[in-house]
Amino acid sequence: MIITQKELKEIFDYDPDSGNFIQRTRTSNRMKIGDVAGSLRLDGYRGIMIGGKLYFAHRLAWLYVHGEWPPEQIDHRNGSRADNRIANLRLATSAENHQNWKKRSNNSSGYIGVFWDKEKNKWRAEIRVSGKRKHLGSFTDPAGAHDAYLVAKKELHQYQPIPREYMEV
C-alpha cells in the first residue's frame, strides 16, 4: 500500500527550505522525534523507510506539498539528487529528464555533447532529441563543437535549455 499525504504528515514534518523530513513520531527504536529521516543512498538519492517500504524523499516531498503522487518523474533542477527542497523539484517526463544529463565520466573532450570522431579525425557534436541522436557537425576543435551543441540545446531542449554545469546551484 502506498502512503497517503495524511499519513505522511502524521509521521513527518517537511522543511521546504532544507528539503528534510523531520520525525514527528517514533516509528522505530533507532529514530527519535526531531531526527532527520532517511539516509543518503549510493546513487545520491535520499531514501526513507516507512512501514517496511522504501520511498524516495523527492517523491515524498511532492506528495507532502501537492497532495498527490507525481504522475511521472521528478527532476532535481540543480542536478543534486540529495537536494529535496520543493523549489528544486519539478515534474518531468522521461524525455525531459534526459535533457539534463551530465557529462559522462569517460568524456575525452571536456564538453558534453562532443566526442572525437576517429574516422573523420575531427570533433563531432551531437545532441539527443526524443531518444535519437542528431548530428550537429564536425569541428577542428572541441570548443567549436561545444558551441554548436549549446546553440542546438537552447533550441531543442526547451525543458532544460542550459546545461547544468552553467547553472548556479
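When the residues of segment 57-70 are filtered to those that are over 13 Å from the mean Cα position of the chain (by Cα) and either surrounded by 16 or more Cβ atoms within 10 Å (Cβ to Cβ) or not assigned by TED's automatic domain parsing to the domain that holds Asn20 (or both), the one that is farthest from Tyr14 (Cα to Cα) is Pro70. Residues in segment 98-143 that are more than 20 Å from Gly79 (Cα to Cα), under 25 Å from the mean Cα position of the chain (by Cα) and among the aromatic types (Phe, Trp, Tyr): 1 in all. For segment 50-67, the count of residues that are at pLDDT below 95 and either touching a strand residue (DSSP E or B) at 6+ places or on another chain (Cβ under 8 Å) or polar (S, T, N, Q) (or both) is zero.
Okay, residues lined up against (1) out of contact with any Leu (no Cβ under 6 Å at 6 or more places or on another chain); (2) aliphatic (A, V, I, L, M); (3) not assigned by TED's automatic domain parsing to the domain that holds Asn78:
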{"site": "Lys9", "(1), (2), (3)": "yes, no, no"}
{"site": "Phe12", "(1), (2), (3)": "yes, no, no"}
{"site": "Ser18", "(1), (2), (3)": "yes, no, no"}
{"site": "Ser28", "(1), (2), (3)": "yes, no, no"}
{"site": "Met31", "(1), (2), (3)": "yes, yes, no"}
{"site": "Ala37", "(1), (2), (3)": "yes, yes, no"}
{"site": "Arg41", "(1), (2), (3)": "yes, no, no"}
{"site": "Arg46", "(1), (2), (3)": "no, no, no"}
{"site": "Ile50", "(1), (2), (3)": "yes, yes, no"}
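Annotation: of all residues in segment 42-54 being of a type outside the set (A, V, I, L, M, F, W, C) and surrounded by fewer than 14 Cβ atoms within 10 Å (Cβ to Cβ), the one that is farthest from Lys9 (Cα to Cα) is Asp43.
Checking the structure you have, find out if any residue of segment 23-40 is of a type in the set (Gly, Ala, Ser) and under 28 Å from Ser130 (Cα atoms). No: segment 23-40 contains no residue that is of a type in the set (Gly, Ala, Ser) and under 28 Å from Ser130 (Cα atoms). Counting only strands (runs of 3 or more DSSP E) that sit completely within segment 10-58, those holding 3 or more residues that are of a type outside the set (D, E, K, R) correspond to 20-23, 46-50, 53-56.
Taking segment 71-91 as the range and being buried (at least 17 other Cβ atoms within 10 Å of the Cβ), over 12 Å from the mean Cα position of the chain (by Cα) and not β-branched (Val, Ile, Thr) as the test, only Arg85 passes. Taking the criterion of being modelled with pLDDT under 90, surrounded by 13 or more Cβ atoms within 10 Å (Cβ to Cβ) and assigned to a strand (DSSP E or B), the residues of segment 127-162 that qualify are Ile127, Arg128, Val129. Screening the candidates Gln99, Gln73 for the property of being closer than 25 Å to Met1 by Cα and not small (Gly, Ala, Ser) yields one hit, Gln73.
Test Leu54 against the stated conditions and say whether it is among the hydrophobic types (A, V, I, L, M, F, W, C), under 17 Å from the mean Cα position of the chain (by Cα) and under 30 Å from Asn100 (Cα atoms). For Leu54, the condition - among the hydrophobic types (A, V, I, L, M, F, W, C), under 17 Å from the mean Cα position of the chain (by Cα) and under 30 Å from Asn100 (Cα atoms) - is not met.
The values are calculated or read from the model by the stated rules, or taken from the named source; none is laboratory data. Given the structure is predicted, the values throughout are model-derived calculations rather than measurements. Here the Cβ is made from the backbone with ideal geometry for all residues, glycine too, and neighbour counts use every protein chain on show.
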